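**Q** Right, I'll just put the structure down here and ask away after.
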Amino acid sequence: MRVIGTVGLAGSGKGEFAEVAREAGVPVVTMGDVIRAECRDRGLDPADHHGEVAQALRAENGPAAIAERSLPLIREALEESDVVLVDGLRSDVEVDAFEDAFGDAFSLVSVEAPYDVREERITDRGRDNTDRETLAERDARELGFGMGRAMDRADLVVENVDSLERLRERARTVIEEGIDAVEPDDGFDWRESPGAEERPSGEVGES
């Protein structure tokens, strides 16, 4: 049994891990889906109220609320598959929840890229609501949840500064073989990554 979590700021490319997992037949539990479902339950548009509802869920039910709502979905997926990918952790508290639930079977991958690279990607894809919330504001919100601390606790860092296909190759290695099979190279690391030296300060616009 392996449960692989991914963490990363907007535009980092962590969604590609989920796509590669689906292509390989690996179940994906997307934590953002929990929030989107709650938005709809509250009669709100997820595109406009995702961050607001995420904050409300944590305020109402504790900082691990979204992780706790994801656990039954992960356990259900594990009944059919030896590997499950959990897409989109947001905090170190959520890391704690998954480590408590799955022990050594849980590993965390941080997908990272510099701020300017992420900003360009988000502008190019044109599907994020940047009129309502800028990337810098979104970074500040995510880091306020504790995402920087979660990224610092990752078992493996994937530096997404090359081509999309290179990222997908790295994702396939992690998903199909596990992090123990990964050898450090110019795209894998256990310690440093672009912007890592800036994260502890919690400043807006960090990567």
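The values are calculated or read from the model by the stated rules, or taken from the named source; none is laboratory data. Note that the structure is predicted; figures quoted are calculated from it, not measured. Heads up, the Cβs are rebuilt from the backbone with ideal geometry, glycines too, and the neighbour counts pull from every protein chain shown.
**Q** Just a yes or no: is a residue in the stretch 149-157 assigned to a loop (DSSP other than H, G, I, E, B), β-branched (Val, Ile, Thr) and modelled with pLDDT of 85 or more?
**A** Going through the stretch 149-157, the residues assigned to a loop (DSSP other than H, G, I, E, B) turn out to be 153-155.
Applying the additional criterion that residues be β-branched (Val, Ile, Thr) yields none.
No, the stretch 149-157 has no match at all.
**Q** Something else now. Given the residues Ser207, Ser201, which is the only one that is within 28 Å of Asp104 (Cα to Cα), of a type in the set (S, T, N, Q) and either touching a helix residue (DSSP H, G or I) at 6+ places or on another chain (Cβ under 7 Å) or at pLDDT below 80 (or both)?
**A** Details: Ser201 fails: within 28 Å of Asp104 (Cα to Cα).
The unique qualifying residue is Ser207.
**Q** Taking the conditions exactly as written (of a type in the set (A, V, I, L, M, F, W, C), crowded, with 20+ Cβ neighbours inside 10 Å, out of contact with any helix residue (DSSP H, G or I) (no Cβ under 8 Å at 6 or more places or on another chain) and within 21 Å of Met151 (Cα to Cα)), does Ala18 satisfy them or not? Can you show your working first?
**A** Numbers: of a type in the set (A, V, I, L, M, F, W, C): yes; crowded, with 20+ Cβ neighbours inside 10 Å: yes; out of contact with any helix residue (DSSP H, G or I) (no Cβ under 8 Å at 6 or more places or on another chain): yes; within 21 Å of Met151 (Cα to Cα): yes.
Spelling it out, Ala18 is indeed of a type in the set (A, V, I, L, M, F, W, C), crowded, with 20+ Cβ neighbours inside 10 Å, out of contact with any helix residue (DSSP H, G or I) (no Cβ under 8 Å at 6 or more places or on another chain) and within 21 Å of Met151 (Cα to Cα).
**Q** State which residue is farthest from Arg58 (Cα to Cα) when the search covers only the stretch 86-100 and only residues that are among the aliphatic types (A, V, I, L, M) and either without any contact (Cβ under 8 Å) to a residue 40 or more places away in the chain or buried (at least 23 other Cβ atoms within 10 Å of the Cβ) (or both).
**A** So, considering only residues that are among the aliphatic types (A, V, I, L, M) and either without any contact (Cβ under 8 Å) to a residue 40 or more places away in the chain or buried (at least 23 other Cβ atoms within 10 Å of the Cβ) (or both), the one farthest from Arg58 (Cα to Cα) is Val86.
**Q** Among the residues of the stretch 24-44, is any basic (Lys, Arg), in contact (Cβ under 8 Å) with a residue 60 or more places away in the chain, surrounded by 17 or more Cβ atoms within 10 Å (Cβ to Cβ) and at negative phi?
**A** No, because not a single residue in the stretch 24-44 is basic (Lys, Arg), in contact (Cβ under 8 Å) with a residue 60 or more places away in the chain, surrounded by 17 or more Cβ atoms within 10 Å (Cβ to Cβ) and at negative phi.
**Q** Could you say whether any residue in the stretch 73-84 is touching a residue at least 12 places away in the same chain (Cβ under 8 Å) and under 19 Å from Val158 (Cβ atoms)?
**A** Yes; the residues of the stretch 73-84 include at least one that is touching a residue at least 12 places away in the same chain (Cβ under 8 Å) and under 19 Å from Val158 (Cβ atoms).
**Q** Can I ask one more? Restricting attention to the stretch 144-177, which residues are of a type outside the set (Lys, Arg), in contact with a helix residue (DSSP H, G or I) (Cβ under 6 Å, 6 or more places away or on another chain) and more than 24 Å from Glu99 (Cβ to Cβ)? Step through it out loud before you land on a result.
**A** Going through the stretch 144-177, the residues of a type outside the set (Lys, Arg) turn out to be 144-148, 150-152, 154-165, 167, 169, 171, 173-177.
In the following step, the residues that additionally are in contact with a helix residue (DSSP H, G or I) (Cβ under 6 Å, 6 or more places away or on another chain) were identified as 146, 148, 150, 155-156, 158, 160, 167, 171, 175.
Asn160, Leu167, listed by residue number.
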